[in-house]
1. Tell me the angle of helix 58-67 to the major Cα principal axis of the chain, expressed in degrees between 0 and 90 and rounded to the nearest ten.
2. Provide the gained length on full extension for the span N43 to N59, in nm with one decimal, where the gain is 0.36 nm per separating residue minus the Cα-Cα distance.
3. With the contact rule set at Cα under 8 Å and sequence spacing of 6 or more, what percent relative contact order holds for the range 7-78?
4. Starting from the Cα-Cα distance between S5 and H71, subtract it from 0.36 nm times their residue separation and give me the gain in nm to one decimal.
5. Give the label of the value calculated from the structure for Rg and Dmax of the Cα atoms in Å, choosing from (1) 14.0, 45; (2) 12.0, 38; (3) 15.1, 53.
Amino acid sequence: MEGESVEHVRLTSPDIDGAGDRDRIEREVSALEGVLNVTVQPNEHCALIDFDPRIVNVNRIEERLQDAGYHVSARQFASPRDNPE
């Protein structure tokens, strides 16, 4: 889509540790307006998030994770990625 703005961030949390965490994080973060895709990788203790920075910023996404009980220990912006599924 022309004019679309998408950023990609990897947020790491030592608290992400299983399928229950994956489901909860995907549900909580996906509920934010402007979040386009959430992929949680429990084995790597991280969430890969695609979002529109015109609508939501990474600080708000981190706040949502923290509100859900996940301390964010690292943030890494990434280039576009292929969906592994």
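Rule-based calculations on the coordinates, nothing more; no lab input. Please read these numbers as outputs of a predicted model, since none were measured by experiment.
1. That works out to roughly 30 degrees.
2. Contour length minus Cα-Cα distance gives 3.4 nm.
3. Working: 131 pairs, mean separation 33.6, N = 72.
Normalised by residue count, the contact order of the range 7-78 is 47 percent.
4. Details: separation 66, 0.36 × 66 = 23.76 nm, distance 2.70 nm.
Here the answer is 21.1 nm.
5. Of the labelled values, this structure produces (2).
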